[in-house]
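Peer 1: One structure coming up, written as structure tokens, with questions to follow.
The values are calculated or read from the model by the stated rules, or taken from the named source; none is laboratory data. This one's a predicted model, so the numbers in the text were calculated from it and none came from an experiment. Cβ placement follows ideal geometry from the backbone for every residue including glycine, while neighbour counts extend to all protein chains displayed. When the accessible area is computed, the model is the full protein with side chains, heavy atoms only, and any ligands, DNA or RNA have been set aside. Shrake-Rupley method; radii C 1.70, N 1.55, O 1.52, S 1.80 Å.
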Amino acid sequence: MSTDPFLIGWAHTVFGKTAPEITVEDLMAEVSGAAVADAGLSADDVDAAFVGVFNSGFSRQSFEAALLGAGRPELARVPAARQENACATGSAALHAAMDHIQSGRGRVALVVGAEKMTGVGAEVVNDALLGASYRRTEEDAGSFAAIFGRLADIYADRYGDPRVALAQIAAKNHRNGVANPWAQMRRDLGFEFCSAPSEKNPVTAGRLLRTDCSLVSDGAAALVVASADIARSARRRVRVAARAHANDVFAVANREDPIAFDGARRAFGRALADAGIGLDGLDLIETHDCFTLAELIQYEAFGLAEPGKGATVLAEGVTDRDGRLPVNVSGGLKSKGHPVGATGVSQHVMAALQLTGEAGDMQLPKADRAAVFNMGGAAVANYASVLEVA
């Protein structure tokens with residue numbers, strides 16, 4: 001019997017700005033019940049729940065693990081725990097659920113990732129996100145975007161200005177997001193708009209424009225993770241063939257090379273090695289484009305290009321929807337939105353939809369194996385997984 005965990009049910013809200021009265025509890029309740037039903041199960045079948053909410057000041061209500069049962073009384077007595085790992089919070093919750101299943105402690109685990117970011121002012125949002133940096137050495141940047149703006153300057157000094165490549169990534173992901181019914185911004189902005197500062201696309205930090213930065217979002221996503229014996233009777237299932245988690249030095253200034261994203265390289269490489277495949281064994285990647293620069297550097301960390309050569313991947317159309325290895329067919333965080341705690345879960349839902357042929361207008365002609373990469377902070381906590389048709 002395979003010990004690999006399987007994804008057998010999922011649910012996803014539309015990402016974006018919700019009404020003021022909508023809470024994290026409401027968002028979690030919407031997807032948790034729907035995911036369990038999608039798996040063909042009931043609350044009584046769930047052995048444990050793992051909740052991913054970053055919070056960090058977005059809400060006065062914490063203890064989100066218990067909040068799951070408040071919104072869904074039928075889940076109130078299910079053992080639940082909250083995970084938090086900055087922007088990789090959703091993947092941290094998913095990995096905890098998979099550990100639970102693979103250890104044999106349970107056969108069905110529910111994973112819920114959620115965030116309500118728009119209920120507070122811009123200053124609160126900025127400070128909450130800045131908390132995902134090492135404040136002792138990075139708070140003076142003033143914003144998390146500015147930290148990536150500094151990384152863009154380092155990249156430019158070493159390899160040349162990445163402005164064209166960043167605009168190509170933004171344009172690609174917004175173009176892809178048009179087909180995603182859950183995306184926050186379903187508009188094809190075009191390369192020209194994304195390439196130069198303007199009144200509607202101002203400079204955010206250094207070399208980064210507004211179109212280089214992911215969106216402040218509300219939303220939730222959920223997954224049901226099951227053991228092989230449960231998955232066999234599910235109406236469809238996706239196997240998690242491999243997964244890895246690698247950390248890097250928290251303080252960017254203390255890293256040997258701040259733009260190498262070494263933790264991302266190690267996590268992604270180990271996941272592929274454990275799955276017994278190379279890049280040519282993948283049909284798509286869902287990756288963490290919190291900023292367009294992040295996706296560019298990830299190309300290099302993942303081995304799609306040599307250091308400093310990520311722009312060639314874009315010039316050759318490799319990561320386009322019809323390219324050799326499509327990246328962020330969902331629109332990524334850039335178009336879909338980035339409700340922090342929900343992001344890692346959402347990425348796996350997007351990949352699972354592709355693998356089961358349920359992606360609708362997003363569907364690729366061939367999708368048998370996908371990789372998902374989610375990172376917390378400036379590539380500090382790095383999670384990679386390989387999903388396969390089962």
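Peer 1: Name every residue in the range 202-239 that is assigned to a helix (DSSP H, G or I), of a type in the set (D, E, K, R) and farther than 29 Å from I22 by Cβ, in order of residue number.
Peer 2: Within the range 202-239, the first condition is being assigned to a helix (DSSP H, G or I), and the residues that meet it are 210-212, 228-231.
Those still in the list that are of a type in the set (D, E, K, R) too: 210, 212, 229.
Within the range 202-239, just D229 meets the criteria.
Peer 1: Oh, and also: Filter the range 1-49 for residues that are assigned to a loop (DSSP other than H, G, I, E, B) and small (G, A, S) and give the result. Before you say what the answer is, go through the steps one by one.
Peer 2: Keep residues of the range 1-49 that are assigned to a loop (DSSP other than H, G, I, E, B), which gives 1-5, 13-15, 17-23, 39-42, 46-47.
Within the range 1-49, S2, A19, A39, G40, S42 qualify.
Peer 1: Would you point out which residue out of D140, D127, D153 is open to solvent by 10 Å² or more (accessible area, probe 1.4 Å), part of a helix (DSSP H, G or I) and free of Cβ contacts under 8 Å to residues at least 12 places away in the same chain?
Peer 2: On inspection, the qualifying residue turns out to be D140.
Peer 1: How many of the residues making up the range 156-181 are under 21 Å from K336 (Cα atoms) and surrounded by fewer than 21 Cβ atoms within 10 Å (Cβ to Cβ)? Spell out the reasoning first.
Peer 2: Step one: list which residues in the range 156-181 are under 21 Å from K336 (Cα atoms), which gives 165-181.
Those left that are additionally surrounded by fewer than 21 Cβ atoms within 10 Å (Cβ to Cβ): 175, 178-179, 181.
Qualifying residue count, the range 156-181: 4.
Peer 1: Given the residues G263, G219, which is the only one that is at positive phi, open to solvent by less than 60 Å² (accessible area, probe 1.4 Å) and either modelled with pLDDT of 95 or more or more than 23 Å from the chain's Cα centre (by Cα) (or both)?
Peer 2: G219
Peer 1: Quick check on this structure: which one of A253, A294 is in contact (Cβ under 8 Å) with a residue 40 or more places away in the chain, out of contact with any Asp or Glu (no Cβ under 7 Å at 6 or more places or on another chain), open to solvent by 10 Å² or more (accessible area, probe 1.4 Å) and part of a helix (DSSP H, G or I)?
Peer 2: A253
Peer 1: Just for the range 266-291: of the residues that are open to solvent by less than 20 Å² (accessible area, probe 1.4 Å) and part of a loop (DSSP other than H, G, I, E, B), which one is farthest from A241 (Cα to Cα)?
Peer 2: In this case the residue turns out to be C290.
Peer 1: Here is a further query. Among the residues of the range 316-334, count how many are farther than 18 Å from C194 by Cα, among the acidic types (D, E) and crowded, with 16+ Cβ neighbours inside 10 Å.
Peer 2: 0
Peer 1: Regarding the range 81-88, can at least one residue be identified that is touching a helix residue (DSSP H, G or I) at 6+ places or on another chain (Cβ under 8 Å), more than 30 Å from R232 (Cβ to Cβ), part of a helix (DSSP H, G or I) and polar (S, T, N, Q)?
Peer 2: Within the range 81-88, not a single residue is touching a helix residue (DSSP H, G or I) at 6+ places or on another chain (Cβ under 8 Å), more than 30 Å from R232 (Cβ to Cβ), part of a helix (DSSP H, G or I) and polar (S, T, N, Q).
Peer 1: Can you name every residue in the range 375-390 that is at pLDDT 95 or above and among the aliphatic types (A, V, I, L, M)?
Peer 2: Across the range 375-390, the qualifying residues are M375, A378, A379, V380, A381, A384, V386, L387.
Peer 1: Contact list please: Cβ distance under 7 Å, first residue in the range 317-335 and over 12 Å from M362 (Cα atoms), second residue basic (K, R) and assigned to a loop (DSSP other than H, G, I, E, B), pairs at least six apart or on different chains.
Peer 2: V318/R324
Peer 1: Could you list all residues from the range 329-345 that are farther than 30 Å from R255 by Cα and either part of a loop (DSSP other than H, G, I, E, B) or in contact with a strand residue (DSSP E or B) (Cβ under 6 Å, 6 or more places away or on another chain) (or both)? Break it down into steps so the answer makes sense when it comes.
Peer 2: Here is the first cut: in the range 329-345, the ones farther than 30 Å from R255 by Cα are 329-331, 335-336.
Those that are farther than 30 Å from R255 by Cα and either part of a loop (DSSP other than H, G, I, E, B) or in contact with a strand residue (DSSP E or B) (Cβ under 6 Å, 6 or more places away or on another chain) (or both): V329, S330, G331.
Peer 1: Let me ask something else. Out of the range 204-229, which residues are in contact with a helix residue (DSSP H, G or I) (Cβ under 8 Å, 6 or more places away or on another chain) and aliphatic (A, V, I, L, M)?
Peer 2: Matches in the range 204-229: A205, L208, L209, L215, V216, A220, A221, A222, L223, V224, V225, A226.
Conditions tested, residue by residue: (1) farther than 28 Å from T118 by Cα; (2) among the small types (G, A, S).
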{"site": "H12", "(1), (2)": "no, no"}
{"site": "A19", "(1), (2)": "no, yes"}
{"site": "A29", "(1), (2)": "no, yes"}
{"site": "A43", "(1), (2)": "yes, yes"}
{"site": "A48", "(1), (2)": "yes, yes"}
{"site": "G52", "(1), (2)": "no, yes"}
{"site": "F58", "(1), (2)": "no, no"}
{"site": "A66", "(1), (2)": "no, yes"}
{"site": "A70", "(1), (2)": "no, yes"}
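Peer 1: Taking the range 182-201 only, how many residues are closer than 30 Å to L364 by Cα, in a loop (DSSP other than H, G, I, E, B) and open to solvent by 30 Å² or more (accessible area, probe 1.4 Å)?
Peer 2: Matching residues across the range 182-201 total 7.
Peer 1: Of everything in the range 222-232, what is touching a residue at least 40 places away in the same chain (Cβ under 8 Å) and either open to solvent by 10 Å² or more (accessible area, probe 1.4 Å) or more than 22 Å from the chain's Cα centre (by Cα) (or both)? Give them in sequence order.
Peer 2: So in the range 222-232, the residues touching a residue at least 40 places away in the same chain (Cβ under 8 Å) come out as 222-231.
If the condition is that a residue be touching a residue at least 40 places away in the same chain (Cβ under 8 Å) and either open to solvent by 10 Å² or more (accessible area, probe 1.4 Å) or more than 22 Å from the chain's Cα centre (by Cα) (or both), then S227, A228, D229, I230, A231 are the ones that fit.
Peer 1: Here are G113, G69, G57: which of them is over 20 Å from T13 (Cα atoms) and open to solvent by less than 60 Å² (accessible area, probe 1.4 Å)?
Peer 2: G57
Peer 1: Restricting attention to the range 172-213, report how many residues are within 22 Å of V14 (Cα to Cα) and either free of Cβ contacts under 8 Å to residues at least 40 places away in the same chain or charged (D, E, K, R) (or both).
Peer 2: 8
Peer 1: Quick one: in the range 139-163, of everything that is among the hydrophobic types (A, V, I, L, M, F, W, C) and in contact with a helix residue (DSSP H, G or I) (Cβ under 7 Å, 6 or more places away or on another chain), which residue is farthest from T319 (Cα to Cα)?
Peer 2: Among those residues, the one meeting the criterion is A141.
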